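What follows is calculated from the coordinates using simple rules that are stated; it is not laboratory data. All of these numbers come straight from a predicted model, not from anything done at the bench. Neighbour counts run over all protein chains shown; Cβ positions are idealised from the backbone, glycine included.
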Amino acid sequence: MLKTSPFHARTAPLVRAQTWRRWAGYQMASAYDPHPDREYAAVRNAAALLDVSPLYKYRLTGRDAVRLLDRMITRDMTRLAVGQVYYTPWCDGAGKVIDDGTVSRLAESTYRLTSADSSLRWLHMNAVGLDVGIEDVSERLGTLALQGPLARAILERLTSDVAKLKYFRLVETTLRGIPVTISRTGYTGDLGYEIWVEALQAEALWDALIEAGAGYGLTPAGVWALDIARIEAGLIMLDVDYFSSHHALIEARKSSPFEINLGWAVSAAKGPFNGRRALAAERARGAAWGFVGLEVDWPSFERLFVAHGLPPHLSNVAWRTSAPVYREGNQIGYATSGCWSPLLKQSLALAHLRAPHFAPGTPVELEITVEHRRERARATVRKLPFFDPERKKA
Amino acid sequence: MSARFDAIVVGGGHNGLVAAAYLARAGRKTLVLERRPLVGGAAVTEEIFPGFKFSVFSYVVSLLRPEIIRELELPRHGLQILPLESTITPLDNGDYLGSWADPDETRRELCRHSPRDADAAVIFGRLMHHMAMAVKPILGMVPPDPASLAPSDLAGLLKLGGHFRSLGAERFHALHKLMTMASADYLDEWFEFGPLKATKSASGIIGTFLGPRSPGSAYVLLHHYMGELDGAFRAWGFHKGGTGAISETIARAARASGAEIRTGTAVERVLVRGGRATGVALASGEEIAADLVVSGLDPRLTFTRLVDPKELPGDLVEGVRRYKFRGSSGKVNLALSGLPEFTCLPGPGPHLRGAISISPSIEYLERAYDDAKYGEFSRHPYMDVVIPSMIDPGMAPPGQHVMSIFVQYAPYQLNGGWSDAKREAFGDTVVKTLARYAPNIESLILHRQVLTPADIERITGLSEGNIFQGELVLQQLFFLRPVPRWARYRTPIHGYWQCGAGTHPGGGIMGASGRLAAQEILGGVR
């Protein structure tokens, strides 16, 4: 049996075309409308409400909670203040990424870790000898992402505590009497918040937000809309853009943080942590792969269709299949996901490219299939993110 | 005289701004002069009533050329076109006809009214797709003159000839019918359900002084399908912040390339010396010198106001005099305290995020035209209603709304002329007509702005209030727009150019006239 989220009673009646998908063993909406256009537009134009409850969530408490996390993640835990949130990868001993997620410091020695995949075993393996409580609160907490330029205006109708909430900070408060944690985080690259609530109060929270957002274009949105937004924001996805080193069947499927554009999150200064030595060596010699954006050249893309007498086909759903990338006839890498960006009016892709081909501006070719034929469209390497509005951090 | 410019664009409408952006990108020192305090021409957003923002005139982005979006990097400058997904037509029996974002839903909806039409719509859609594919390249083409032997004209004609030959006989015949027939007759060949035919034919009468039974009204049906070709590109929809925001986006792109834009600066006339444009004289008396002057104004203003017609050949002046404006549409903008409740679909719902078309039957539309034909505004007008605040909540205070009602017919040449009383009577008719389908509308109105063709002319300068700078009818299209021999953006005055919607392909927030004009200018003075 697939699980359902604590918000299921509210979301299920809205899924008009029964477009469900599996996400970490949960049954979640791909979209509420048959097509995600309007839901995506809400993310960039007004506000979208996304149920992201399938994220794994762990509550870590005790004197050594900070040591556990510092040993595990690649960022320096000693610099995480109370009320602050980190986005971070964590690695195995060889410096290959296991997963990525957020670490929130809820109180002096209380933390919350979120992950795409189950991390309980890894947490316990790293906690040996430490004074730390590890509690899996994945099912106890529901999580809603409220994302979009009007997200703050909507929350301000319910609380005065978000007015000054900075990017990657959190606050504990109540909304209509419901205790919640609100973090200024998200997976859309836009102004947005994630709201964490006890599962028993999930439906009441949903109702409060929907009511507060009524005059602000608040729109429930599914994973299809989220997928386009996260590609525009250049945010990677486990099992799509990279594989966990714990699950990869072959070495070639493993990636270091440097190889998935997370080198910035690897502390060069901090004390011992998983993968430290391998990562230091990799930093010194330079990564073998880069993870970058590709912007497909429209005239070249259009020509491939016009040759068949067709208008260019643009899907309103992101793709998640591997596509070879070439430079001067030789394959130099592969794209792992991509979409047509309704906002940027460009075909975008996220791609792994071999050194030295990942410098921004490098001309490459992306394989696409047009009318049953494999073709190559010209594309240009771009630095991520593709879209980075000021309001995200302002 | 003040600083000299390479090019001056008269009129900061969207085509003028597009032309200026291209000229500036090519390194020309470019100045745009706009009479009003804001850029946009007929594509402006104004806060007519405190807290309520209106796309005062033009209200949807239609067919904005993808190449302009790309070449001027408009997304980087703020382009944000939002989906306008559905259309409902309320019917007199209390039911409705809906057309939704999802083709399967639309087909099932049509089945409710006519299973035969539901099948026909798919085949019709395919034919229109092919017709639109055939016509679309013309939008990006400088019109060749079929009577000319100039190499550039001949090259263009050859290309065009090859293009039409490649269509094949069946599609060429269909295209010919589409170009010559009345939309009602054309649709009769395909469909049986009246409201469907009426709603489809409505796109053929917008902005023209034609009824659905007038020959030549069928071709504009294509515009809708041309929009669908760009479907995923979404060059069709509602711009965040209204149509003024798209003008501002283009203006930002122009400025980023070095163009200067002065608003509140009216041009009195174009300076001409020895058959050559040398600059402009402003209403303030100031003169500004330039190598080129590009008029974004309509043909009447371009050829008979900005320059002395005596400088021009008599046949051109006569052609401009005969060029048909005949503004036929009005606009009613409402500030609403809440959402209208349609009898056919009570309560809030997705239909309020799309267009609501008051077009219950062909006969209804034709009768609306009959009134106008004899110099009256329609007693029961065709209306295209949208609620922009449902799509962009920033257009009105939370929970309140703005409604845009495009109305046809409101003839510029009204019997006895337009007056304040006539304007309000027209506004009353519009509200009353809408109230037949949404009875609570009158109780929601906080503020009402009524715009007749006379008002459109007074505010924007568009002659006779024609929203397309002259009717989009066959005799005024392509190499005939605005007049034969002067359809390639040039004028008989050296260095004086046209770039408005009065040139090919014209009409709608397309930008193609501005782009093609700039390309001709840049090629022509190389």
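Helix B:420-435 axis versus longest C-alpha principal axis of chain B: approximately 40°, rounded to the nearest ten.
Cβ under 13 Å from residue B:142's Cβ, residue B:142 left aside: what net charge do those residues give with Lys, Arg +1 and Asp, Glu -1? Cβ neighbours under 13 Å give a net charge of +2.
Positive end of the charge dipole of chain B (Lys, Arg +1 and Asp, Glu -1 on Cβ, about the Cα centre): tell me which of B:10, B:482, B:271 has its Cα farthest that way. Of the listed residues, the answer is B:271.
Other residues within the sphere of radius under 15 Å centred on the Cβ of residue B:273, judged by their own Cβ, net out at 0 (K and R +1, D and E -1). If you take the charge dipole of chain B about its Cα centre, with +1 on Lys and Arg Cβ and -1 on Asp and Glu Cβ, which of B:377, B:517, B:193 is farthest toward its positive end? Farthest along the dipole direction, towards plus: B:517. Placing R0 at 51 angstrom, the Cβ-Cβ distance between residue B:322 and residue B:435 gives a FRET efficiency of 0.80 after rounding to 0.05.
Between residue B:485 and residue A:313, what's the calculated FRET efficiency when r is the beta-carbon distance and R0 is 45 Å? Round to 0.05.
Efficiency computed from Cβ-Cβ geometry: 0.65.
Rounded to the nearest 10 degrees, the inclination of helix B:362-373 to the longest alpha-carbon principal axis of chain B is 50 degrees.
Just checking the listed ones, A:383, A:345, A:57: in the Gaussian network model of chain A with Cα springs under 10 Å, the one fluctuating most is A:345. Computed on the stretch B:119-229, with alpha-carbon pairs under 8 angstrom and 6+ residues apart, the relative contact order is 31 percent.
Helix content alone sets the calculated 222 nm mean residue ellipticity of the protein assembly as shown: runs of n ≥ 4 DSSP H residues at -39500 (n - 2.57) each, divided across all residues, give -8500 deg cm²/dmol.
Charged neighbours of residue B:319, selected by a Cβ distance under 13 Å, balance to +4 (K, R count +1; D, E count -1).
Dividing the mean sequence gap of close Cα pairs (under 8 Å, 6+ apart) by how many residues the stretch A:57-136 holds gives a relative contact order of 42 percent. Each Lys and Arg contributes +1 and each Asp and Glu -1, all at the Cβ; summed about the Cα centre of the stretch A:57-136, the dipole is approximately 120 debye.
FRET efficiency for the pair residue B:367 and residue A:278, taken as 1/(1 + (r/R0)^6) with r the Cβ-Cβ distance and R0 = 60 Å, rounds to 0.15.
Placing unit charges on each Cβ (+1 for Lys and Arg, -1 for Asp and Glu) gives the protein assembly as shown a dipole about its Cα centre, and among B:389, A:162, A:65 the Cα reaching farthest toward its positive end belongs to A:65. Taking all Cα pairs closer than 8 Å and separated by 6 or more residues, the relative contact order of the stretch A:65-201 comes to 20 percent.
Think of each Lys and Arg Cβ as +1 and each Asp and Glu Cβ as -1; about the Cα centre, that makes the dipole of chain B roughly 1380 debye. Shape of the protein assembly as shown from the C-alpha gyration tensor: prolate (a/c of 1.5 or more and a/b above b/c, with a ≥ b ≥ c the square roots of its eigenvalues).
Dipole check for the protein assembly as shown: with +1 at the C-beta of Lys and Arg, -1 at the C-beta of Asp and Glu, and the Cα centre as origin, the magnitude is about 2140 Debye.
With loop defined by DSSP as not H, G, I, E or B, and exposure as at most 13 other Cβ atoms within 10 Å, which is the longest segment of chain B clear of exposed GluC sites (Glu not before Pro)? Longest site-free region, per DSSP loop and neighbour criteria: B:287-526.
For chain B, the longest principal axis of the alpha carbon atoms and the long axis of helix B:169-180 meet at an angle near 90°. In straight-distance terms, cross-link reach from residue B:53 covers every one of the lysines whose alpha-carbon lies under 18 Å from its own, apart from those fewer than eight places away in the same chain; here that gives B:240, B:331.
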